[in-house]
Amino acid sequence: MKKTKIDHYTDKEALDYHSHNKAGKIEISSSKNMTTKRDLALAYSPGVAAPVKAISENPETAFDYTSKGNLVAVISNGSAILGMGNLGALASKPVMEGKAVLFKRFADIDSIDLEIDSQDHNEIINSIKNFAPSFGGINLEDIAAPDCFIIEEKLKEILDIPVFHDDQHGTAIITTAALINALDITKKKLDEVKIVVNGAGASAMACANLFKKNGVPKKNITMVDRTGVIYSGRENLNQWKSAHAIETKNRTLKDAINNADVFLGLSAKGALTKDMVKTMGKNPIIFACANPDPEITPEEIEEVRDDAIIATGRSDYPNQVNNLIGFPYIFRGALDVRSKTINEEMKIAAANAIAKLAREYVPDEVVAAMGGERPHYGKDYIIPSTFDPRLISIIPTAVAKAAIASGVARKKITNFEIYQDQLKQRLDPTVAIMQGINSYIKKKPKKIVFADGEDENTLRAAIAFKNSKLGIPILVGKEEKIQDQIMNIGYSEDLDIEIINSKNKPKREKYTKYLFERLQRKQGLLEWDCDRLVRNDRVIWASCMVACGDADGAVTGNTRRFGASLDKIKQVVDARPGEIMFGLNLVVHKGKTIFIGDTSVNEYPNAEQLAEIAISSARVVKLFGFNPKVAFVSHSTFGQPLTQRTKHIQDAVEILKKKNVSFEFDGDMQPDVALDKEYKNLYPFSKIVGNANILIMPGQHSAAISYKLMKSLGDSKVIGPLLIGLGLPIEIVPLRSSTSEIINLASIAAYSADIIEYKKN
């Protein structure tokens, strides 16, 4: 088992992180405008009276008029903080704030941490009962057993919202998912395996319970605590432990582990020895999940067994049992159907959904998060990564369906395909844009040429493009190389994707003729020169396919520099009449979408060119569904300081004024002035200040540097550059783009092919 490197940090760094900028990790922001007197009147008095009356008459409308439906209380008394013990309610606050942040980051759920300073379970229950109406769900955290059992059970009885003790059920759900897949890999059956659970705390009991709910017979699960095996007739067992007692002669872990199929450790470092591992059955499944150090290390296991499937609670080994895979998405699904509880059916549905996801192909986003290695379903990959972007759409859907089917949902979801799209949009604003494009092109499939057909990422993109029914891909390249690559990435040879190259004599002759007619006078090329270009250059070939009507669009660029690809395309295709050609990037950051041009074509555009770039950008932005607001950005703001390098920016603004364009624009201004509403009061005369969604850069250098910095250093999503002004729908991806980036531009090419009137050859 390969161990991965993880980041290490000092206590000071951790403290500095928590104190930097604003102390802590959460803040409250308004979801409504609060700028005018009218806003305040609507938000508070007298406008607030209307929803108050509505809720008093029908409590269910609280979900409609307040944040209740997307608000979870994260609650602890600090009695069992992250394995550090009972350090008190206040000491638990950093952990609970962290939990709240995770809810928001991974499932777009708003959370408030509430630390209850009491060790009395009745007092805690009453406290939660009294403030529960404010919330759509309750997440209990870091509460010691047996109080955690008592509190959860009682709250489930008296409240009509989900109550979830993550230490118990989150662990159980992820562990069950891992077990399902481990058994699948080892060809073992749930109703036959012998399981030993070492530890008898809240999480261990929850795991055992969910194993049983999934089909493991009670008699096949042996639970071991500090005293030894929990067996029928053992004295001094509380009601929770006694529920797991079985008839057995085994009294120690050493006894129980002999010939066992599965070991689940939720106990302490060193509890399982190499000698014990030796005695386990064939292909043993060992989940050593004690934190921070497992019951036995993977290295120790591998010294004595080479057939084991291993999971731990640590991020530096494969197969991390991490509750983050579960709880945000489980609550997401429960909240979305206004569930009264989180029942066993919903937990089982979540576990099975997680297990199924691990068996599917891993996308590029996950590869990057896992250090650049693509995991494949097998003994070292039985649980999805916490950064898998598919979790947000898969798990809530499964949970919501189970809630509806089991009768605990107040709200029905009629179209789960739409629901999944909505879930995806919660995390990635680019999805909202691309989903609209993809939905459109699915209705009118276009033939899109993938020029770099032998490239792995391009090939994956073409396959995904086809499988997602976004259009009909055509690969340019040598058949044998593409077929080899297909096998290398784990697909069968029979993909039914067209592969084309210069061996196709009729096409070659057709494209040579087209190119010769185009370039004989323009560049003085002979026919055999054009033939050589067609035969030897995939970008030329792909562009000719589009120009000659054999394809609707094309995408290229992943194996060469942008400029080199563009030079080849320009030999085949002209700019659209009356338009300037330029690169436009779409950048999404913290829910705000901006467009940046020119990022790739014109090194230092003059005033007239800047004005034309602005006009074309506004036209494209409208196609994406935005109201264009153009800012000509500079190091100066409205002439301060005025330099030779800013004069052409001001001239571009004046040119637009004379053209009487239909969109709003202004400049020169610094980018923070263009984007930050805080500057509105300083420049009240400008409608663009703080509102811009199109940034026209003074030159290609600043444009390219800006978007690449945002992509590399910021928490931003970038699409593009889109090649604007070209006479045909051909897009160039940046060198070494991910599969997702290639798919996005292929989709945009297909979209452009239908909505833009191109001059056909």
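General remarks:
- Span from the the range 67-143 Cα centroid across to the the range 718-746 one, whole angstrom: 45
- Sites Lys677 and Gln644, calculated FRET efficiency, Cβ-Cβ separation with R0 30 Å, nearest 0.05: 0.45
- Long pairs among Lys447/Lys570; Lys99/Lys401; Lys241/Lys278; Lys379/Lys466; Lys340/Lys466; Lys447/Lys658, criterion Cα-Cα beyond 32 Å: Lys340/Lys466; Lys447/Lys658
- By the beta-carbon count within 10 Å of each Cβ, the least crowded to most crowded order of His244, His635, fewest first, is His635, His244.
- Given their separation in residues at 0.36 nm each and the Cα-Cα distance between them, Thr36 and Thr414 gain 132.2 nm when the chain is fully extended.
- Three-way shape call for the range 582-723 based on the alpha-carbon gyration tensor, with the a/c threshold at 1.5: rounded
- The distance between label points at Lys657 and His589 comes to 3.0 nm (points 7 Å beyond Cα on the Cα→Cβ vector).
- Label reach from Phe685 (point 7 Å along Cα→C-beta): in the range 627-659, amide nitrogens under 11 Å belong to 638-639.
- Nitroxide proxy distance, nm - points 7 Å out along Cα→Cβ at Glu157 and Ser242: 1.7
- In a fully extended conformation the segment linking Lys444 and Ala91 would gain 121.3 nm over its present Cα-Cα distance, using 0.36 nm per residue.
- Shape of the range 169-405, Cα gyration tensor, a/c cut at 1.5: oblate
- Of Phe685, Tyr440, Thr458, farthest towards positive along the dipole that unit charges on Lys, Arg, Asp, Glu beta carbons give the chain: Tyr440
- Building the convex hull from the alpha-carbon atoms of the range 436-572 and averaging its projection over directions returns 8.7 nm².
- Charges were assigned to the Cβ only: +1 to each Lys and Arg, -1 to each Asp and Glu. The resulting dipole of the range 627-761 about its Cα centre is roughly 220 debye.
- Considering only the chain, percent of DSSP beta bridges that pair antiparallel, nearest 5: 25
- Nearby aspartates and glutamates by direct alpha-carbon distance to Lys154 (threshold 13 angstrom, same-chain neighbours under 8 apart not counted): Glu123
- Label selected from (1) 45; (2) 30; (3) 42, the criterion being percent of Cα pairs over 42 Å apart as computed here: (3)
- Dipole magnitude of the range 54-161 about its Cα centre (Cβ charges: Lys, Arg +1; Asp, Glu -1), debye to nearest 20: 240
- Once C-alpha pairs closer than 8 Å and six or more residues apart are averaged by separation and normalised to the residue number of the chain, the relative contact order reads 9 percent.
- Sorted by Cβ density within 10 Å, fewest first, the residues Asp567, Asp452, Asp167: Asp567, Asp167, Asp452
- Dipole magnitude (debye, nearest 20) for the chain, charges at Cβ of Lys, Arg, Asp, Glu: 1780
- With Cα atoms, 0 to 90° folded angle of helix 479-488 axis to the chain main axis: 20
- Anisotropy class of the range 692-759 from Cα gyration tensor, a/c 1.5 cut: oblate
- Protection proxy ranking, peptides 474-487, 410-423, average beta carbon neighbours within 10 Å, highest first: 474-487, 410-423
- The modelled label-to-label distance between Lys187 and Tyr17, using points 7 Å beyond Cα along the C-beta direction, is 4.5 nm.
- The helix-only estimate of mean residue ellipticity at 222 nm for the chain, built from DSSP H runs of length n ≥ 4 each weighted as -39500 (n - 2.57), is -13000 deg cm²/dmol after division by the residue total.
Every number in this text was worked out from the coordinates using simple rules, so none of it is lab data. A quick note: this is a predicted structure, and the numbers were derived from the prediction, not measured. FYI the Cβ positions are ideal-geometry reconstructions off the backbone, even for glycines, and counts take in every protein chain you see.
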